[in-house]
1. For the range 13-44, name all the residues that are closer than 18 Å to SER122 by Cβ, in contact (Cβ under 8 Å) with a residue 60 or more places away in the chain and either surrounded by fewer than 15 Cβ atoms within 10 Å (Cβ to Cβ) or touching a Cys at 6+ places or on another chain (Cβ under 8 Å) (or both).
2. Looking at (1) touching a Phe, Trp or Tyr at 6+ places or on another chain (Cβ under 8 Å); (2) modelled with pLDDT of 95 or more; (3) of a type in the set (Ser, Thr, Tyr), which is the only condition THR145 fails?
3. Name the one entry in LEU93, LEU14 that is over 24 Å from LYS176 (Cα atoms), in contact with a His (Cβ under 8 Å, 6 or more places away or on another chain), not basic (Lys, Arg) and not in a loop (DSSP other than H, G, I, E, B).
4. Quick one: which residue in GLY118, GLY175, GLY134 is in contact (Cβ under 8 Å) with a residue 60 or more places away in the chain and loosely packed, with under 15 Cβ neighbours inside 10 Å?
5. So THR64 ticks every box in (1) surrounded by fewer than 20 Cβ atoms within 10 Å (Cβ to Cβ); (2) assigned to a loop (DSSP other than H, G, I, E, B); (3) not acidic (Asp, Glu) but one. Which box is left unticked?
6. Counting only residues that are out of contact with any helix residue (DSSP H, G or I) (no Cβ under 7 Å at 6 or more places or on another chain) and among the polar types (S, T, N, Q), which one in the range 77-103 is nearest to ILE66 (Cα to Cα)?
7. Does any residue of the range 63-83 turn out to be among the β-branched types (Val, Ile, Thr), over 18 Å from ILE26 (Cα atoms) and at pLDDT 95 or above?
8. Just one of the numbered conditions (1) under 15 Å from the mean Cα position of the chain (by Cα); (2) more than 21 Å from ALA38 (Cβ to Cβ); (3) surrounded by fewer than 19 Cβ atoms within 10 Å (Cβ to Cβ) is not true of THR145; which one?
Amino acid sequence: MDNAPGRHPHRDFLAVLPVSDGIVAIRAMWAGDAEAYAAGTEDALVKRFAHLPLDNYTPQIVRTMIDGVIADGLRDGTLAVLAICDAQSNQFLGSLVFFDITCDDAEVGYWVAPEHRGRDVSVRALALAIEMAGALSLRRLHAKTVEENPPSQKVLLKTGFEPSGDVRPGVLPSGKTQISVTYLLALN
């Protein structure tokens with residue numbers, strides 16, 4: 001394990017998956033999630049606030065990502081694009097991602113498909129992400145949201161994140177620069 005400054009030790013996300021609270025679970029994505037993932041990314045709020053790297057996702061693009069960049073990231077511990085699903089049926093509800101992973105911390109992001117909102121799926125998924133981060137020996141989690149997304153800010157606050165720093169322009173995962181709010185959660 002390489003612990004040199006600026007490098008990150010290998011984070012074995014697959015070793016801590018799946019996690020569940022009995023209602024919501026987080027697991028690795030599989031090809032069967034491609035249709036629901038692609039459909040979820042067509043939602044106006046997901047397009048506006050999830051800051052995904054691509055403007056459009058088709059099921060084939062998602063399957064290629066699952067077999068390529070997502071599998072590679074899980075294998076080398078640098079990226080974890082995961083499925084948020086119903087704990088009983090395994091139905092895809094949304095996505096949670098760990099990225100910008102370092103020795104001590106990672107950034108986390110999430111989105112939930114519109115038909116599954118209003119049931120605390122985001123709060124439950126983020127609580128499970130915090131549990132995973134602890135199991136992976138991370139010390140801090142960061143999250144960013146734009147100023148115009150109060151629901152995400154409420155989810156972050158409800159799960160113990162605190163605003164960190166000023167509201168300012170920031171580069172988001174989509175590569176776009178927008179006025180954003182950074183949140184921080186220190187882990188035990």
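The values are calculated or read from the model by the stated rules, or taken from the named source; none is laboratory data. No experiment lies behind these values; they were computed from the predicted model shown. Please note: Cβ atoms are built from the backbone with ideal geometry, for glycine as well, and neighbour counts cover all protein chains shown.
1. Of everything in the range 13-44, those that are closer than 18 Å to SER122 by Cβ, in contact (Cβ under 8 Å) with a residue 60 or more places away in the chain and either surrounded by fewer than 15 Cβ atoms within 10 Å (Cβ to Cβ) or touching a Cys at 6+ places or on another chain (Cβ under 8 Å) (or both) turn out to be ASP21, GLY22, ILE23, VAL24, ALA25, ILE26, ARG27.
2. (2)
3. Details: LEU14 fails: in contact with a His (Cβ under 8 Å, 6 or more places away or on another chain).
The match here is LEU93.
4. None of the other options fit; the residue is GLY175.
5. Condition not satisfied by THR64: (2).
6. THR78
7. There is at least one residue in the range 63-83 that is among the β-branched types (Val, Ile, Thr), over 18 Å from ILE26 (Cα atoms) and at pLDDT 95 or above.
8. Exception for THR145: condition (3).
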